[in-house]
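A.B. asks: Please read through the structure below; I'll follow up with questions.
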Amino acid sequence: MKAWLLAAAMLLTMGMVPAYSAVRISDDHGGQLGPYLDKYRALAQSGERVEIDGVCASACTMLLGLIPADRICVTPRAVLEFHSAWDIAGDQSVSDAGTRLLWSHYPGKIRTWINRHGGLGSRVIYLRWPEVARMYPSCR
């Protein structure tokens, strides 16, 4: 009987401890905006945390506005790369509509940082450690 009670107590305790999982981003150079919107909206619904542990560029950076900030953390290897959206034709001409979409998914602190560093343009700007750690908590 005691073994049964012990097993029940263990199961009850296990059920009370939340299961935290994390999605690790380490080498994401972006891509078309639509699939990233879909992916990050689903991730936001999942409750999973996001650990940025390397490059998160272009469309990848939309996660900053789609995932709640309290579920994002950064490591010393985190690098956020920002630039205007490019037309999918592949000639790297600027897409105004795409750039507006990117901009609309950045929280205020990121918009302020981007503006201080020249805005979204064809030139890539980099938000790195330790500056990124002043905006998002360090991963444990």
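Coordinate-derived values only; no laboratory data. Bear in mind that the values here come from a model prediction, so they are computed numbers and not experimental data. All Cβ positions, even for glycine, are placed from backbone atoms using ideal geometry, and neighbour counts span all protein chains on display.
A.B. asks: What distance in nm separates the two pseudo spin-label positions at residue 79 and residue 96, each 7 Å out from Cα along the beta-carbon direction?
C.D. replies: 3.2 nm
A.B. asks: Another question, if that's okay. Using the 10 angstrom Cβ neighbour count as an exposure proxy, how do 37, 120, 64 rank, fewest first?
C.D. replies: By the 10 Å Cβ count, ascending: 37, 120, 64.
A.B. asks: Now for a different question. Tell me the relative contact order for the stretch 53-140 as a rounded percent, counting alpha carbon contacts under 8 Å between residues six or more apart.
C.D. replies: Over the stretch 53-140, the number comes to 38 percent.
A.B. asks: Rank 132, 26, 104 by how far each Cα sits towards the positive end of the charge dipole of the stretch 24-134 (+1 on Lys, Arg Cβ; -1 on Asp, Glu Cβ) and give me just the farthest.
C.D. replies: Farthest along the dipole direction, towards plus: 132.
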